[in-house]
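**Student:** The structure's right below; bear with me while I get my questions together.
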Amino acid sequence: LGFNIFIVTVRWWVLLRGRGLNLYLREAVPLQFIGMFFNFALPGSVSGDLVKGYILVKENPNKKMAAASTVLMDRVIGLYAMIFLALAGAAFHLDIVFSNKPLLAFVVIVVSIFSGITVFLAMALSKTVRGFKGTDLLLKKLPFGGFVEKVYDTIHSYRSSLKAVAQAFVLSVL
């Protein structure tokens, strides 16, 4: 459990540094523990992330969006790695997967989700897609278009720090 907490903290710290928030690891650890406390103390599994993000934004008023984006990207990469691990486990036991229809249906759903997230990340991190005028029109026409556009732009802001995204993914797989 301690190793897991350490890896998750380092993953978030890598994303912080990738967005130009030069916190020391020793400064990120207490924020991570505050977030964990509020995940347990408040309803909802993202309560701690909201508190952690709020504190980070207050401490970095000139980099509010960069600070907030780290919390969102940390969640996205963590989810993506978890789905990747589920697929890797299934790939090592294809005989069991194909002999069990409910498990096969589950794996098909997981492959679909993984593929969807992969396409979304590729599009969100693409300079070409974001620069295309049709992207703005599409994002505005979606339900909750303004919110979706902010999420899209938040993830797109990591275009300049793809190394941090890759490192965070590898740490998540660990």
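**Student:** Accessible area of the chain with a 1.4 Å probe: how many percent of it is carbon plus sulfur?
**Tutor:** Roughly 73 percent, rounded to a whole number.
**Student:** Give me the dipole magnitude in Debye, nearest 20, for the chain about the Cα centre, with unit charges on the beta carbon: positive for Lys and Arg, negative for Asp and Glu.
**Tutor:** Approximately 520 debye in magnitude.
**Student:** To continue, here is another question. Excluding residues fewer than 8 places away in the same chain, name every one of the lysines whose C-alpha is closer than 20 Å to that of LYS64.
**Tutor:** LYS52, LYS150
**Student:** Suppose we look only past 26 Å in the calculated P(r) of the chain. What percent of the Cα-Cα pairs does that tail hold?
**Tutor:** Across the chain, Cα pairs with separations above 26 Å total 38 percent.
**Student:** Where Rh denotes the Kirkwood radius from the mean inverse Cα pair distance, what is Rg over Rh for region 74-174?
**Tutor:** Reported Rg/Rh, Kirkwood definition of Rh: 1.06.
**Student:** I would also like to ask the following. Heavy-atom accessible area per residue, region 1-151, 1.4 Å probe: how many Å²?
**Tutor:** 63
**Student:** Which net charge results when you count Lys and Arg as +1 and Asp and Glu as -1 among the other residues whose beta-carbon is under 14 Å from that of LEU139?
**Tutor:** Combined, the nearby Lys, Arg, Asp and Glu give +2.
**Student:** What net charge do the residues around ARG159 carry, taking every other residue with its C-beta under 14 Å from that of ARG159, with Lys and Arg at +1 and Asp and Glu at -1?
**Tutor:** In short, +3.
**Student:** Let me ask something else. For ILE96 and ALA122 in the same chain, what is the full-extension length gain: residue separation times 0.36 nm, less their Cα-Cα distance, in nm?
**Tutor:** The ILE96-ALA122 span can extend by a further 6.2 nm.
**Student:** Please give the contour-minus-distance gain from ALA86 to ASN22: 0.36 nm per residue of separation, less the Cα-Cα distance, rounded to one decimal in nm.
**Tutor:** Fully extending the segment from ALA86 to ASN22 adds 19.7 nm.
The values are calculated or read from the model by the stated rules, or taken from the named source; none is laboratory data. What you are looking at is a predicted structure, and each value in this text was computed from that prediction instead of being measured. Virtual Cβ from ideal backbone geometry, glycine too; neighbours counted across all protein chains shown. Just the protein is used for accessible areas: all its heavy atoms, side chains included, with ligands, DNA and RNA removed. Shrake-Rupley method; radii C 1.70, N 1.55, O 1.52, S 1.80 Å.
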